[in-house]
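So the structure is just underneath, and the comments pick up after that.
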Amino acid sequence: MAQSLALALDVPETTGDEGLEPSPYEESEVHDSFHQLIQEQSLRVAEEGLELLPLGLGRGDQTLPGLEGAPALSSATLRILASMPSRTIGRSRGAIISQYYNRTVRLRRRSSRPLLGNVVPSARPSLRLYDLELDSTILEEDEKRSLLVKELQGLSAAQRDHMVRNMPLSLGEKRCLREKSWSPKGKRRHLQGRSGAFSCCSRLRYTCMLALHSLGLALLSGLYAARPWRYALKQIGGQFGSSVLSYFLFLKTLLAFNALMLLPLLAFLVGVQAAFPPDPAGPVPTFSGLELLTGGGRFTHTVMYYGYYSNSTLSPSCDAPREGGQCSPRLGSLPYNMPLAYLFTMGATFFLTCIILVYSMSHSFGESYRVGSTKGIHALTVFCSWDYKVTQKRASRVQQDSICTQLKELLAEWHLRKRPRSVCGQLRQVVVLGLGWLLCLGSTMGCTVAVLTFSEVMIQRPASGGQGVEALALPLVVSVLNLGASYLFRGLATLERHDSPVLEVYMAICRNLILKMAVLGVLCYHWLGRRVATLQGQCWEDFVGQELYRFMVVDFIFMLLDSLFGELVWRLISEKKLKRGQKPEFDIARNVLDLIYGQTLTWLGVLFSPLLPAVQILRLLFLFHIKKASLMANCQAPRRPWLASHMSTVFLTLLCFPSFLGAAVFLCYAVWQVRPSSTCGPFRTLNTMYEAGTVWVRRLEHAGSGASWLPWLHHFLVENTFFLFLASALLLAVIYFNIQVVKGQRKVICLLKEQIRNEGEDKIFLINKLHSVYEEEGRSRPGRTQDTTEPPAWHEDGGDQKEPCNPRSP
């Protein structure tokens with residue numbers, strides 16, 4: 001039989017401070033992490049020595065048989081290996097209990113307790129090859145548990161609960177230790193509490209608390225279940241990969257942006273104006289249903305559009321209005337000025353959106369470029385990706401598909417790096433790309449000229465006020481051109497045959513972005529440069545708001561038609577007629593640019609239609625469900641999987657700079673340069689919308705109210721351009737420094753990874769050197785021979801270890 005190995009976990013006796021007990025805060029420092037326990041156990045093993053004795057041999061520096069193909073290591077080398085932190089991680093429950101017993105003894109500072117000198121820790125996974133006498137029986141584990149319970153009973157209630165809570169054991173083991181460590185008085189109190197010895201007031205209070213707690217949990221679970229992406233995102237990511245998932249994540253981000261934009265508009269504009277509705281200027285038309293497409297008719301006389309909002313102070317204690325429709329407020333009061341509220345709410349909403357957008361972009365940039373490295377991630381994905389908390393069959397299937405798709409993406413990216421293109425192939429690719437870009441730019445120029453020409457034709461026709469179906473002509477033409485050009489770009493991408501699918505998506509995004517931004521630039525010129533001059537004496541702000549509403553509705557209809565005919569019909573033709581059995585792929589570039597195009601329309605029209613973000617929210621919700629259903633039924637996963645680690649950052653960047661910045665410039669020009677209509681809206685008596693703030697400041701100065709600091713604040717923060725340039729410079733500086741910090745972190749991460757690889761090589765080198773030194777010492781000693789026998793039979797189960805098949809010969 002093998003000689004047993006005893007590893008003594010001695011508890012050092014304390015010479016002083018017997019009467020001092022550490023507080024729970026000091027004890028939390030001692031038990032802050034499980035890593036500290038592992039480190040101290042490793043040091044104790046290194047000091048006392050871990051003797052690994054083969055079967056039937058005495059003590060010494062003999063060389064032990066190893067696995068097949070691995071060098072045999074001596075006992076001295078094994079002692080060094082056993083002291084390494086990586087060899088002490090996999091401890092079992094018995095070792096944890098005995099270690100925490102030592103902790104409680106040291107915490108209580110009592111030297112009268114018996115020491116655990118003969119307690120042996122459980123087996124470590126990396127040392128199961130050798131025959132060690134380890135305590136794996138239930139009897140010894142119960143003995144250690146009873147000793148631990150005795151020590152826990154001597155602690156205070158707070159220290160005992162804190163220590164049990166931090167033990168790396170299961171909930172059942174913790175509950176058992178907590179119940180056994182209660183004192184008799186605590187057990188009686190607990191039993192009395194469970195038997196129901198409460199007064200009526202206490203019962204009523206506990207019942208109310210439990211009811212409120214249950215109601216809160218029910219509301220939280222209901223809100224969680226009401227989210228449209230609760231389960232869909234995991235399913236999409238598992239079946240179609242991160243590239244298709246990035247589209248739905250971007251749609252979710254746009255939902256959040258529009259919700260944040262809508263809240264202040266509802267609170268300070270729409271709700272206030274709905275509470276104090278103005279007198280109708282004429283007969284109000286009835287609802288006919290056509291307003292859902294054209295945006296005119298009954299919608300014109302609601303809070304939907306700019307012209308419905310009044311230019312008076314909304315206050316119930318307002319005197320008779322003077323000339324110009326202005327109320328004379330009482331002296332010393334600050335009534336609700338609707339023009340000022342309209343201007344400052346729009347400005348604050350856009351400023352808040354800018355801050356959130358820039359923060360989201362910088363955060364996404366840091367996450368994608370800091371953690372998005374794929375070097376060495378294959379092993380982590382294989383061995384560390386599975387979530388063992390998943391118990392349902394449906395969830396486990398989704399997780400399995402997600403891991404499989406992630407591995408495909410990683411391997412596809414790795415294979416792409418291993419296949420460089422030849423010089424002739426690169427030259428051919430450059431020529432094809434040049435011709436493709438020339439054709440794309442030419443088609444973009446043609447679409448822009450067509451939109452400009454058709455808009456001029458619409459100006460020459462008599463205005464219909466947005467009442468008839470002919471008002472949908474310009475949105476229909478623009479949507480048809482956008483859809484046709486996007487299919488042309490997709491065909492060119494097929495002919496170009498890009499090696500990298502990521503490059504193909506980026507090229508398609510750039511081409512579609514140039515087209516849509518050029519068309520929107522022509523439309524902005526059409527609305528503010530041409531329509532304002534032709535609609536003198538009319539409410540041109542309502543017309544622009546209705547135009548943008550029609551553009552959003554028609555664009556949504558074309559997206560539905562594209563999902564129907566572009567995906568469903570093509571799938572039916574491919575399966576029924578062509579017998580290919582292949583479904584179309586989800587066009588990420590075109591769908592993402594459609595989202596950015598719709599969000600740009602929302603930002604352009606929010607000044608003229610404050611409820612346009614609500615329309616965008618409904619549009620995105622419907623679009624999420626329709627695209628998800630079409631994706632699951634009509635599309636297939638990309639034939640060439642690719643890892644979309646930076647797509648979210650690219651989407652947010654495109655949403656910030658071309659889209660939001662262009663909309664901000666458009667609205668700033670409308671506020672500072674364009675004269676408002678004289679017949680509608682809150683700025684009807686002013687030369688520009690910006691004058692609303694100046695007029696309000698002048699009234700404050702003449703009234704001599706207590707808020708004298710507001711004119712000073714308006715003068716230095718709004719009228720002075722230095723603050724605007726300073727804020728812009730600070731914003732750009734923050735973006736620049738954030739990018740530089742992320743770059744520096746990437747460099748540091750690369751250096752740390754290289755250092756980890758070097759340390760691994762150093763460990764291998766040192767182990768080999770130590771092994772060679774001990775081998776030479778073993779050869780130099782007389783009577784020692786080198787082991788040449790076969791390795792022992794090793795079982796994965798730590799409890800049943802057998803003797804070697806061929807024992808060492810004397």
Picked from the stretch 612-639 (must be touching a Phe, Trp or Tyr at 6+ places or on another chain (Cβ under 9 Å) and in a loop (DSSP other than H, G, I, E, B)), the residue surrounded by the most Cβ atoms within 10 Å (Cβ to Cβ) is Cys635
Residues of the stretch 379-438 satisfying the condition of being part of a helix (DSSP H, G or I), among the polar types (S, T, N, Q), within 23 Å of the chain's Cα centre (by Cα) and more than 15 Å from Ser242 (Cα to Cα): Ser396
Under the condition of being in a helix (DSSP H, G or I) and among the hydroxyl-bearing types (Ser, Thr, Tyr), which residue from the stretch 162-204 is modelled with the highest pLDDT? Ser202
Tell me yes or no: at least one residue of the stretch 237-247 is open to solvent by 10 Å² or more (accessible area, probe 1.4 Å), at pLDDT below 95 and not in a helix (DSSP H, G or I). no
The stretch 501-513 residues that are in a helix (DSSP H, G or I), paired with ones that are open to solvent by 40 Å² or more (accessible area, probe 1.4 Å) (beta carbon under 6 Å, 6 or more apart): Pro501/Arg640
Exactly one condition in (1) closer than 24 Å to Gly605 by Cβ; (2) in a loop (DSSP other than H, G, I, E, B) is false for Trp642; which is it? (1)
Matching option when the condition is buried (at least 16 other Cβ atoms within 10 Å of the Cβ), part of a loop (DSSP other than H, G, I, E, B) and modelled with pLDDT of 85 or more, among Leu686, Leu654: Leu686
Does Trp527 meet the test of being farther than 21 Å from Ser443 by Cβ, in a helix (DSSP H, G or I) and open to solvent by 30 Å² or more (accessible area, probe 1.4 Å)? no
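Yes/no matrix, rows are residues, columns are (1) in a helix (DSSP H, G or I); (2) free of Cβ contacts under 8 Å to residues at least 12 places away in the same chain:
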{"residue": "Pro682", "(1), (2)": "no, no"}
{"residue": "His714", "(1), (2)": "yes, no"}
{"residue": "Leu717", "(1), (2)": "yes, yes"}
{"residue": "Ala729", "(1), (2)": "yes, yes"}
{"residue": "Asn738", "(1), (2)": "yes, no"}
{"residue": "Gly744", "(1), (2)": "yes, yes"}
Of those in the stretch 744-772 that are open to solvent by 100 Å² or more (accessible area, probe 1.4 Å) and within 25 Å of the chain's Cα centre (by Cα), the residue nearest to Gly347 (Cα to Cα) is Arg746
Could you tell me whether the stretch 569-585 includes any residue that is closer than 30 Å to Leu416 by Cα, of a type in the set (D, E, K, R), crowded, with 23+ Cβ neighbours inside 10 Å and touching a residue at least 60 places away in the same chain (Cβ under 8 Å)? no
Among all residue pairs at least 6 apart or on different chains, which show Cβ distances below 9 Å where the first residue, located in the stretch 371-388, is under 17 Å from Thr405 (Cβ atoms) and the second is modelled with pLDDT of 75 or more and open to solvent by 90 Å² or more (accessible area, probe 1.4 Å)? Thr374/Trp414; His378/Trp414; Trp386/Gln400
Looking only at the stretch 657-674, how many residues end up being farther than 30 Å from Phe240 by Cβ, open to solvent by 40 Å² or more (accessible area, probe 1.4 Å) and either touching a residue at least 24 places away in the same chain (Cβ under 8 Å) or in contact with a strand residue (DSSP E or B) (Cβ under 6 Å, 6 or more places away or on another chain) (or both)? 1
Has the stretch 256-267 got any residue that is within 30 Å of Ser385 (Cα to Cα) and at pLDDT 85 or above? yes
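The values are calculated or read from the model by the stated rules, or taken from the named source; none is laboratory data. Computed from a predicted structure; not experimentally measured. Don't worry about glycine lacking a Cβ; one is built from the backbone with ideal geometry, like all the others, and counts go over all protein chains shown. Heads up: the accessible areas ignore ligands, DNA and RNA and are worked out on the full protein's heavy atoms, side chains in. Shrake-Rupley method; radii C 1.70, N 1.55, O 1.52, S 1.80 Å.
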